[in-house]
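Notes for the one structure printed next.
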Amino acid sequence: MERAEAYGLSGAMSGAFLLSCLLFAAVSRRQRGPYMDEVFHVPQAQAYCHGRFLQWDPMITTLPGLYLLSVGVVKPAAWLLGWTGSVVCSVGMLRFINLLFSAGNFYLLYLLLFKIHQKNKAVSGFQRILSALTLAMFPTLYFFTFLYYTDPGSVFFTLFSYLMCLYGNHKTSALLGFCGFMFRQTNIVWTVFCAGNVVAEKLNEAWKIELRKKKDEKISSRKGSFSDLTRILQFLVEYLLSPKNLVTLTALTWPYILLVSLFFVFVFINGGIVVGDRSSHEACLHFPQLFYFLSFTVFFSFPHLLTPTKIRKFLLSLRKHPVQYTLIAVISLFLIWKFTFVHKYLLADNRHYTFYVWRKVFQRHELVKYLLVPFYIFAGWSFADTLNSKSIFWILMYFLCLLAVTVPQKLLEFRYFILPFLIYKLNIPFLSLYRQLLELAFYILVNAVTFYLFLNRTFQWENSDEVQRFMW
């Protein structure tokens, strides 16, 4: 990192942290007590602060990583600074933990962008900093910086694990993956993703050797014709069935294999993935979640995915391959017909944006969910098109992880999309400077509207005296 870039990064991080501190003060003044899921998280952390480690709220569904780390940070800080009484492990003090995670996420995003795109000499240091700042301001994640939720810490340890994986420190990566798992059980998928990075790299190397042997220039390690894809899948099966290759891959990925094995032991002993309230978190095959994620990604990446050039290119592809797209449309319609689930929370909780998305869009008419299929197909095509710089093996591995982390979720919840979105954004080519600034301005606008609604547009339910607020 050059000195000018280091100064620029320091300035951007300092400015972002100052802005976050001002917002933190505003949120803390307006909402002093626990709000939404904080009514479970805060008392649990406070119980740990008082040494009651056997106390557990059965409504909490995640493992106690957030509470253990909070005690590990707050207690030493209180001892060093002489804090006593209610200030120790207060709501504000616990929320501040996520402010620290947010700063850490900014730095990790920058380091990941630097590592993933280090061969692209056309990218300037300013663009890397701007891109990291934009992702750090990603509205769905940034909002929960100011509440005591698991999301900032979950993202921090997952990104840190991914960074260590890219640098080849697999034991450290697996250890950090365990920390991420302790924040949210579904993060085990991103441990598999890290292992998949190693496997995809080895597969790509072997595939290039295979091409040189056959001297077949028509086949590439990227997406191609159907016959090319068939040959790639055949190669994939042959490679993975080789005992020698399996031993090599196991030797490289054993820390991840060990962690995934511990996960299955946990699931067996626990009787499921969810720790507490299982009745509201039942797994199912909710395939339309993939369509919702693609729509979410198009909305927050429109400078990348929703451009006139992209639309023209898609229409050309549609004209060249009508049979394939017709088949995709039929499959999509079938998945929507048979596998659409509506969670009771989605219909009942009018504090979340998803409630209004569902009511204003999907509940307008029974046919709306089917009429959106052409948009889903465009979103999927545009999404895949931006990953052309990655190998087919990486794309396959990412897509499997994306399915694993979204499809089993019955509840439409934008927070579940944060990690797959960030990993996608980290791995696609950089935008032009103009489009980067446009994306940052859009994120700032969405954040401004979100915080304005949360702080100022409060309301009350008929059967409750508590103040309710709009949020992600």
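The values are calculated or read from the model by the stated rules, or taken from the named source; none is laboratory data. Bear in mind the structure is a predicted one, so any value in this text is a computation, not a measurement. Quick reminder, even Gly has a Cβ in these numbers, built from the backbone with ideal geometry, and neighbours come from all protein chains shown. Just the protein is used for accessible areas: all its heavy atoms, side chains included, with ligands, DNA and RNA removed. Shrake-Rupley method; radii C 1.70, N 1.55, O 1.52, S 1.80 Å.
Descriptive notes on the structure:
- Legend note: in the chain, cysteines whose Cβ sits 4.7 Å or more from every other cysteine Cβ are Cys21, Cys179, Cys284, Cys401.
- Crossing angle, helix 91-116 versus the chain [Cα axis fit, 0-90 degrees, rounded to tens]: 20 degrees
- Compared with the dominant principal axis of the Cα atoms in the chain, helix 65-81 is inclined by about 50°.
- Measuring r between the beta carbons of Lys208 and Leu241 and using R0 = 22 Å, the FRET efficiency lands at 0.65.
- With all protein chains modelled, accessible area of Asp465 [1.4 Å, Å²]: 140 Å²
- For a paramagnetic label modelled on Leu68 (point 7 Å from Cα along Cα→Cβ), amide N atoms under 17 Å away are absent within region 83-125.
- Extended-chain gain in nm, criterion 0.36 nm per residue less alpha-carbon gap, Tyr107 and Glu2: 36.2 nm
- R0 of 35 Å, Cβ-Cβ distance Gln55-Thr84: FRET efficiency to nearest 0.05: 0.95
- From the coordinates shown, P(r) over Cα pairs in 20 Å bins from 0, in percent corresponds to which of (i) 18, 38, 27, 13, 4, 1, 0; (ii) 27, 60, 13, 0; (iii) 21, 57, 20, 1: (iii)
- Taken over the alpha carbons of region 318-472 as equal point scatterers, the Debye sum produces base-10 log I(q)/I(0) values at 0.20 Å⁻¹ of -1.50.
- Where His365, His117 fall by accessible area, highest first, once all protein chains stay in place (1.4 Å): His365, His117
- Sulfur and carbon atoms: percent of accessible area, region 282-431 [1.4 Å]: 70 percent
- Listed residues Gly104, Trp207, Val237: farthest to the positive end of the dipole of the chain (Cβ charges): Trp207
- Paired Rg and Dmax values of region 1-152, which use every Cα atom, in angstrom: 17.8, 55
- Of the chymotrypsin sites (Phe, Trp or Tyr not before Pro) found in region 41-126, those that fall in a DSSP loop while having at most 16 other beta-carbon atoms within 10 Å are Phe53, Trp56, Trp83.
- At R0 = 35 Å, FRET efficiency that the Cβ-Cβ distance of Glu366 and Thr307 yields, to 0.05: 0.60
- Spatial separation of Cα centroids for region 123-147 and region 249-281, in angstrom: 31 Å
- Projecting label points 7 angstrom from Cα along Cα→Cβ for Leu438 and Leu455 puts them 2.9 nm apart.
- Rolling a 1.4 Å probe over the protein chains gives Leu141 an accessible area of about 10 Å².
- Simple spin-label estimate for Phe264 and Ala122 gives 4.5 nm between the two label positions (7 Å along the Cα-to-Cβ direction from each Cα).
- Residue-normalised accessible area of the chain, expressed per residue, 1.4 Å probe, Å²: 49 Å²
- Principal-axis analysis of the Cα atoms of the chain puts helix 125-136 at an angle of about 60° to the longest axis.
- Region 1-46 and region 398-431 have Cα centres spaced 24 Å apart.
- Protein-only accessible surface order, largest first, of Trp254, Trp472 at 1.4 Å: Trp254, Trp472
- Cα shape, region 119-186, gyration tensor, a/c 1.5 rule: oblate
- Cα→Cβ-extended label distance, 7 Å offset, between Gln468 and Tyr353, nm: 1.9 nm
- Global form of region 163-321, assessed from the alpha-carbon gyration tensor, a/c cut-off 1.5: oblate
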